[in-house]
Amino acid sequence: MQPFDYYRPKTFEEASELLTQPDRTALAIAGGTDVIPQTRDRDRVGARDQVGGRNRQLDLVVDIKGLPGMRDLVLRRIVSCCGTGPDECLYVGAAVRMNEIARSSIVQDHWPILADAAASIGNEQIRNRATIGGNICTASPAADSAPALYVLDASVLIKGPRGEDRCLPVAQFFTGPKKNALKRGEIVAGLLIPKPPAGARSYHEKLSRRRAGDLSIVSVAALAFRSAECTTWRLALGAVGPTPVRAPAAEAILARGYDAEAIDLAAATAFGCCCPIADIRSGLEYRQAMVVNLTRKAIRAVAAQLPQA
Ligand SMILES: Cc1cc2nc3c(=O)[nH]c(=O)nc-3n(C[C@H](O)[C@H](O)[C@H](O)COP(=O)(O)OP(=O)(O)OC[C@H]3O[C@@H](n4cnc5c(N)ncnc54)[C@H](O)[C@@H]3O)c2cc1C
């Protein structure tokens, strides 16, 4: 592996400055579970640097774990961010590790689908290093936290090089395979996740070649809640297109009712929202069949938990 310099700045401004030095190829690092294997395996950095996705030799890594708020996992009252609030939200600092999320009693009690998604990532050692910010910034279509974050309507909080803040719905953060919405010098500070409406039920399912330590062939997140007028459904899938996807057409079918026939139709319709490919983890036909099967399973699991009308 080529040598590189390592910095651990204390402020966002300092971190952004390091990431934007004109004569150097710099990369943010959190847990390093994506950065280090890519750097080691290719000798030249495989991860995109922050300049237009070019592959150049990495000579500087900027450890963002010590920046303010990066390790916070707390409840916050936020008045307005991408439409969320003023209800209580979960603030998850970008450098919070998957095992911290999976084992948090706050997350398990109010955002159980996020705890399940975090627990499905990698294995024990990986989850002790891998961060939620790293998971979304890598922007793999198979990022296992993504479908849960999509159905939870999470927002990504971003710090800019001049200290400016911006906030994006998580679905707008993923822009293509391994591409995200960050501009040069920007850093993800954390995620803001609204509390699901009272009575919401959810389910996360991941299919991979091995029980642990492998990326998804398909992953599905489903969430639903009843009001006096209707039942609202949210469905999202991972590893079935260039980015994780919501399945609004399937959600609309379920909003009209969710008997066995409607569930079959919604699962088949969710398939139309995806464009799966064959890769080392799965052939195309198997992955296509699993989109329908897993979606049906997830919807059934949520429907079974919902209170009767
Ligand atoms: C054996 C193994 C198994 C794995 N299994 C899974 C799995 O089952 N599911 C899954 O989804 N992933 C899996 N992964 C991938 C990886 O562990 C996750 O994507 C992890 O969440 C990445 O987090 P990290 O903190 O290690 O990121 P890092 O490697 O530190 O960074 C990843 C990328 O994000 C950028 N970055 C990190 N944090 C920030 C930030 N705050 N702001 C701006 N940019 C940032 C970095 O520059 C880099 O480009 C696996 C990896 C390995 C090695």
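What the table below lists for this structure:
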read-out: Cross-chain or 6+ apart pairs with Cβ under 8 Å, segment 26-49 first and assigned to a loop (DSSP other than H, G, I, E, B) and near the ligand (Cβ under 6 Å from one of its atoms), then open to solvent by less than 20 Å² (accessible area, probe 1.4 Å) and modelled with pLDDT under 55; value: 34/47
read-out: Which numbered condition residue 258 fails, given (1) open to solvent by 20 Å² or more (accessible area, probe 1.4 Å); (2) assigned to a helix (DSSP H, G or I); (3) touching a residue at least 40 places away in the same chain (Cβ under 8 Å); value: (2)
read-out: Residue in segment 117-129 that is modelled with pLDDT of 95 or more and of a type in the set (Ser, Thr, Tyr) present; value: yes
read-out: Residue within segment 54-63 that is modelled with pLDDT of 95 or more, within 12 Å of the ligand (Cβ to nearest atom) and in contact with a Gly (Cβ under 7 Å, 6 or more places away or on another chain) present; value: no
read-out: Sole exception among (1) at pLDDT 90 or above; (2) open to solvent by 60 Å² or more (accessible area, probe 1.4 Å); (3) assigned to a loop (DSSP other than H, G, I, E, B) for residue 13, by number; value: (3)
read-out: Neighbours by Cβ (under 8 Å, 6+ apart or cross-chain): first from segment 177-195, closer than 15 Å to residue 101 by Cα and touching a residue at least 60 places away in the same chain (Cβ under 8 Å); second within 11 Å of the ligand (Cβ to nearest atom) and open to solvent by 30 Å² or more (accessible area, probe 1.4 Å); value: 190/157; 191/157; 192/157
read-out: Residue in segment 207-245 that is least open to solvent (accessible area, probe 1.4 Å), counting only those that are among the charged types (D, E, K, R) and more than 21 Å from residue 280 (Cα to Cα); value: 234
read-out: Failed item in (1) within 16 Å of the ligand (Cβ to nearest atom); (2) without any contact (Cβ under 8 Å) to a residue 40 or more places away in the chain; (3) assigned to a strand (DSSP E or B), with residue 232 passing the rest; value: (1)
read-out: Any hit, segment 268-275, residues being part of a loop (DSSP other than H, G, I, E, B) and under 19 Å from residue 151 (Cβ atoms); value: yes
read-out: Filter result (open to solvent by less than 40 Å² (accessible area, probe 1.4 Å) and in contact with a helix residue (DSSP H, G or I) (Cβ under 8 Å, 6 or more places away or on another chain)) within segment 162-178; value: 163, 170, 173, 174
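The values are calculated or read from the model by the stated rules, or taken from the named source; none is laboratory data. Computed from a predicted model, the values in this text were never measured in an experiment. When we count neighbours, we look across all protein chains shown, and the Cβ atoms used for this are built from the backbone with ideal geometry, even at glycine. When the accessible area is computed, the model is the full protein with side chains, heavy atoms only, and any ligands, DNA or RNA have been set aside. Shrake-Rupley method; radii C 1.70, N 1.55, O 1.52, S 1.80 Å.
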